[in-house]
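Colleague: The structure is given below, and queries will be raised subsequently.
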Amino acid sequence: MKVKTLRGPEVDLPSEVLDGLKLQLSGSAIFASDAEYEESRTVWNGMINHKPAFLVRCIGVSDVITCVQFARKHDLLLCIKGGGHNIAGLATADGAMMLDMSLMRGVWVDPQEKVAHAQAGCLLGDVDSETQVHNLAAVLGFVSRTGIAGLTLGGGFGYLTRRWGWASDNVVGMDVVTAEGKLVHASEKENADLFWGLRGGGGNFGIVTRFDYRLYPMGSEIVGGPVAWPASEAPRVLKLYRELTENAPPELTLAILMRPAPPAPWLSKEHHGKPVVIMIACYSGDPELGVEIVAPIKSLGNPIGDVMTRRPYTQLQSLLDATQPKGRRYYWKSEYLPAVEDGLCQKVMKHASNIPSPHSAVILFHIAGALNGLKDEHSPVGNRDARYVLNLAGSWENEDEDQVNIDWARCAWGDMKSFSTGGTYINFLVEDEGPERIEAALGKGLKRLSEIKAKWDPDNVFRINRNIKAAK
């Protein structure tokens, strides 16, 4: 079997070498001739169609160590798959050996210490389900099928970010398999440089096999969900959004979307496919108070759909899943914003009015709060001046629609980029974005990250990522 090497050319691995690898594994090796290969190699974004030479489905840490040592011995190009949800498809590469951790989904909660220990193949929903048994929650994202590993290593934000910061700010420890194939623990007290680098610097320094998340009290019920209006109401809705977010308590997080109405059951069929503006709320404090706080949203104008109500926290966390199915084609452009200005609102409405796909959206997500209270050097995710996220979220079905949808996202981004802080969210970067965008995401942390790379992965074994060059 031919497999790409770190140096570029392919190497031919004899069958007896691969048989030897299989004997060392608790998990399984999957090849192109196997029925499981197609499903295993694919990732969330249907635009990404890479074909690894073979895959190893790891069951535990020993499999991860075995795979890294095998790849090092034979100089193989290695890619790492957790949830496979990254928009740029960084879990996969043509001709590589793929290390697939999607079966490693155990979660152990310590309710006394308020810590969750989660294996790196977990999806957000796995952690949410287990922590909610104890009326606790981790700071994660807002699509339950997202993998925790990529989300956390790139910073991570969601409905609880305003209260407690980036997801990476709330990691207290990690188990990591290094480029040498050794298991180490990283925390503020142990391998602190590695710990710093992993909280925003991505998978450049090792393979995290377990995340230890700080947990927070979270009753099983929150106040949340969407309210929708016709797009003609957008000026009033955006005005209310600005007013509420500028004065919101940290327990309240609001997002606003402009898009064609999805065929959701809470919207009548007569509105499906027509332009709408949607506000989504999450009030994670006392539900009684939350009902009062979201009342101005529910009473604005004449909504065409309203399911903003008391509901289980886990239900809100999966509410957007249906809008992000695996296999659809995705292309995003994103910026951090310091504020939502009048001029930006005009451009949001302008570009939302010419969306070419029924699945795309212009999204504003409020994140101001706890993350702004820490200094940039606290972690490489930085961007502590960010108060909102703008995402031009292109999403469509067919390959022949690629160009028109990519052009829309790029045009809208180019028209709104002047409102940015100058920073961007590394997890939203698509495949064709260059080093200047990595610098916009990591900024001042890049020099220190390159020094950490030189120490922990000088040969760039871990390179299928937003790659950071090792300092010389």
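Colleague: Over the alpha-carbon set of the range 2-100, divide Rg by the Kirkwood Rh and report the Rg/Rh ratio to two decimals. Intermediate values should be presented prior to the final figure.
Modeller: Working: Rg = 12.6 Å, Rh = 13.5 Å.
Rg divided by Rh gives 0.94.
Colleague: Tell me, Leu90, Leu240 in order of fewest to most beta-carbon neighbours within 10 Å? Mind showing how you got there, number by number?
Modeller: Details: Leu90 24, Leu240 18.
In increasing order of surrounding Cβ atoms, one gets Leu240, Leu90.
Colleague: In Å, what Rg and Dmax follow from the Cα atoms of the chain?
Modeller: Every Cα atom of the chain included, Rg and Dmax give 22.0, 70 Å.
Colleague: To the nearest 20 debye, what charge dipole does the range 221-431 have about its Cα centre, counting +1 at the Cβ of each Lys and Arg and -1 at the Cβ of each Asp and Glu? Intermediate values should be presented prior to the final figure.
Modeller: Working: 20 positive and 25 negative charges, 47 e Å.
Charge dipole of the range 221-431: 220 debye, to the nearest 20.
Colleague: Using the number of other C-beta atoms within 10 angstrom as an exposure proxy, rank Thr131, Thr152 with the fewest first.
Modeller: Working: Thr131 26, Thr152 31.
The most exposed by this proxy come first: Thr131, Thr152.
Colleague: Taking 22 Å as R0, compute the FRET efficiency from the Cβ-Cβ separation of Asn398 and Lys269 and round it to 0.05.
Modeller: Numbers: r = 24 Å, r/R0 = 1.07.
The formula returns an efficiency of 0.40 here.
Colleague: GluC sites (Glu not before Pro), restricted to the range 121-226: which are DSSP loop and have at most 14 other Cβ atoms within 10 Å? Write down the numbers at each step before the final one.
Modeller: Details: sites: Glu130, Glu180, Glu188, Glu190, Glu221; in loops: Glu180, Glu188, Glu190.
Those that pass, being in a loop and sparsely packed, are Glu188, Glu190.
Colleague: Okay, moving on. For the charge dipole of the range 2-100, defined by +1 on Lys and Arg C-beta atoms and -1 on Asp and Glu C-beta atoms about the Cα centroid, which residue among Asn45, Leu77, Ser33 has the Cα displaced farthest towards the positive pole?
Modeller: Going by the charge dipole, the pick is Leu77.
Colleague: Let me ask something else. How large is ³J(HN,Hα), in whole Hz, for each residue of the range 288-304 in order, when computed from phi with the Karplus curve 6.51 cos²θ - 1.76 cosθ + 1.60 and θ = phi - 60°, using x for Gly and Pro?
Modeller: Ordered by residue, 3J(HN,Hα) equals 4, 5, x, 4, 5, 5, 8, 4, x, 5, 5, 9, 6, x, 10, x, 9 Hz.
Colleague: Could you pull out the trypsin sites (Lys or Arg not before Pro) across the range 5-71 that fall in loop regions by DSSP (anything but H, G, I, E, B) with no more than 15 other Cβ atoms inside 10 Å? Before the final figure, lay out the partial values.
Modeller: Working: sites: Arg7, Lys22, Arg41, Arg57; in loops: Arg7.
Taking the range 5-71 and a limit of 15 other Cβ atoms within 10 Å, the loop trypsin sites (Lys or Arg not before Pro) found are Arg7.
Colleague: State the answer as a single residue: which of Leu183, Ala231, Gly206 lies farthest towards the positive end of the charge dipole of the range 149-259, with beta carbon charges of +1 for Lys and Arg and -1 for Asp and Glu, about the Cα centre.
Modeller: Checked the options; the winner is Ala231.
Colleague: What FRET efficiency comes out for Glu113 versus Ser220 if R0 is 22 angstrom and r is the Cβ-Cβ distance? Round to the nearest 0.05. Each step should come with its number before you reach the end.
Modeller: On the way: r = 21 Å, r/R0 = 0.93.
Efficiency, rounded to the nearest 0.05: 0.60.
Colleague: Loop-only GluC sites (Glu not before Pro) in the range 407-472, please: DSSP not H, G, I, E or B, and at most 14 other Cβ atoms within 10 Å.
Modeller: Working: sites: Glu431, Glu433, Glu436, Glu439, Glu451; in loops: Glu431, Glu433.
Those that pass, being in a loop and sparsely packed, are Glu431.
Colleague: Checking the cross-link filter: which lysines have an alpha carbon closer than 28 Å to that of Lys4, excluding same-chain neighbours under 8 positions apart?
Modeller: Here the lysines satisfying the reach criterion relative to Lys4 are Lys22, Lys51, Lys73, Lys81, Lys182, Lys326, Lys453, Lys455, Lys469, Lys472.
Colleague: What is the extension gain from Glu288 to Cys411, computed as 0.36 nm multiplied by their sequence separation minus the C-alpha to C-alpha distance, in nm to one decimal?
Modeller: Taking Glu288 through Cys411 to full extension adds about 40.0 nm, to one decimal.
Colleague: What ranking do Trp396, Trp166, Trp413 get, fewest neighbouring Cβ atoms within 10 angstrom at the top?
Modeller: Working: Trp396 24, Trp166 29, Trp413 19.
In increasing order of surrounding Cβ atoms, one gets Trp413, Trp396, Trp166.
Colleague: As I understand it, the dipole of the range 221-431 uses +1 on the Cβ of Lys and Arg and -1 on the Cβ of Asp and Glu, about the Cα centre. Which of Pro380, Thr253, Val362 lies farthest toward its positive end?
Modeller: So the residue furthest toward the plus end is Val362.
Colleague: Which value in nm describes the separation of the simple spin-label points at Ala322 and Ala29, placed 7 Å from the Cα toward the beta carbon?
Modeller: Between Ala322 and Ala29, the label points sit 4.3 nm apart.
Colleague: If you place +1 on the Cβ of every Lys and Arg and -1 on the Cβ of every Asp and Glu, how big does the dipole about the Cα centre of the range 2-100 come out, in debye to the nearest 20?
Modeller: 300
Colleague: Based on Cβ point charges of +1 for Lys and Arg and -1 for Asp and Glu, what charge dipole magnitude is obtained for the chain about its Cα centre, in debye rounded to the nearest 20?
Modeller: On the way: 50 positive and 56 negative charges, 129 e Å.
For the chain, the charge dipole is close to 620 debye.
Each value in this text was obtained by applying a stated rule to the coordinates, not by laboratory testing. Predicted model only: the values in this text are computed from it and were never measured. For neighbour counting, all protein chains shown are included, and Cβ atoms are generated from backbone atoms with ideal geometry for every residue, glycine included.
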